[in-house]
Amino acid sequence: MLKDPNLVKYSNKVVRSAQRLSLLEQRIVFSAIAQVPLGTEITSEDKFYLRLEDLKKLGGAVSNDSYELLKEAADRLLTRTITLAPIDRKKGMTWTFLWCQASGYNDEKRMIGIQFSSMIIPFLKEVRERFVQYDLEEITGFRSVYTQPLYARLMLHMRNKDTGGIKQRWSETIPLDELRLTLDAEKYSAFGQFKLRVLNVAVQQINESVYTRFTVKWSIDEDSKIGKRVTAIRFSMSLRPHLVTDPEPDTDTVDWVSGLTRRQATLTEPQIVMVADWLSGKNKTVLEKHGTNVSEVYEFLRRQKQIPAKLDANNPDEYKKWLRKKLIDPEFVMLISPILRKLEFNFGGL
């Protein structure tokens, strides 16, 4: 495994390389990474298996021959390369390496498998943090290869730095050259074509999807224009109405029932993923270590009238998705604080 003080810099290049994969290749990579519990290291010995149904949940694989397309995409990952220079600082070497060292398939189970290459392993943590920061269901309906990287990019400043909570509204101006690079759309050098083929399509798909957390509007940043030449785009995001909480919540007053402030009960994205893994049984180790289990957690939530009638709690994936959405809300975290304390969860340093 490569060890380099500039790992983050190289990781950003790997992230951009991930954006250059086809939409189906991206979904295979992201789905594989998402299988790994937070805090667990991926090794070059690990193999990841995906059924056709897993990809259907992400808005792809809809035609009768889509399983064949899935196999082809997995095989293409054996040829997808990344070049980093100079990654070997002592010898000044530029290295080119593969995303995957092996791929497989099972026609009877309609399942493919991949195994990441050893040289990509050090960078997968950064790829996970940058891309799997949302429930994979959120990219359902994204048909353009440009939509998912734009959605991920616009999420970067969605959280309040002081409280960790999700903002109701936020905006960001992105230089056009940086945006082209981020979306791997540098071939559209003329703004008219970039607007038609990339920007309008991606924004429309984000807004039409019922699974995304926010809607987005874009406009030309007039202050940054050079003559008639467009040099930057201003994006304005608004949280979906059903996710909006109190406009100005009190973050520092202690709730007398839970003993927590809203600030302490506002989880970061990695914490949300980790706790959802615990409570849904995706990572049973923590529950068992502290003398409890998934059934006891479910019964607690049922008594608190939190379980919706249509939720299939016997389906770990569905249960985990529901938990992840609930854990965004500090009020829910306060409600389940007795469970989290039993699991020795660290509330903001408490």
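The values are calculated or read from the model by the stated rules, or taken from the named source; none is laboratory data. Everything numeric here is computed off the predicted structure, so don't read it as measured data. So basically every Cβ, Gly included, is an ideal-geometry build from the backbone, and we count neighbours across all protein chains shown. Just the protein is used for accessible areas: all its heavy atoms, side chains included, with ligands, DNA and RNA removed. Shrake-Rupley method; radii C 1.70, N 1.55, O 1.52, S 1.80 Å.
Some points to look at:
- Note on LEU50: accessible area approximately 10 square angstrom, rounded to 10, probe 1.4 Å, nucleic acids and ligands left out.
- When only alpha carbons are used to place a centre, the range 187-230 and the range 285-323 end up 41 Å from one another.
- For ASP277, ASP317, the ranking by accessible surface with the largest value first comes to ASP317, ASP277, using a 1.4 Å probe.
- In this simple spin-label model, placing a label point 7 Å from the Cα along the Cα-to-Cβ direction at both SER236 and MET93 gives a separation of 5.3 nm.
- Exposure rank, largest accessible area first [THR40, THR231; 1.4 Å]: THR40, THR231
- Test item: Cα-centred dipole of the range 279-350, Lys/Arg +1 and Asp/Glu -1 on Cβ, debye: 80
- A simple spin-label model places pseudo-atoms 7 Å from Cα toward Cβ; at ASN315 and LYS217 they are separated by 3.6 nm.
- The heavy atoms of GLU72 offer some 90 square angstrom of accessible surface to a 1.4 angstrom probe.
- Legend: residues LYS187, LYS225, sorted from most to least accessible area (1.4 Å probe; ligands, DNA and RNA excluded), read LYS187, LYS225.
- Efficiency of FRET from Cβ geometry, ARG20 and ARG229, R₀ 35 Å, rounded to 0.05: 0.85
- Gain upon complete extension [LYS109, ARG197; 0.36 nm per residue less C-alpha separation]: 28.0 nm
- Exposure of GLU299 as accessible area (Å², to 10), given a probe of 1.4 Å and all protein chains: 60
- Inter-probe distance in nm under a simple model that places probes 7 Å from Cα toward Cβ, at ASN346 and GLU45: 2.9
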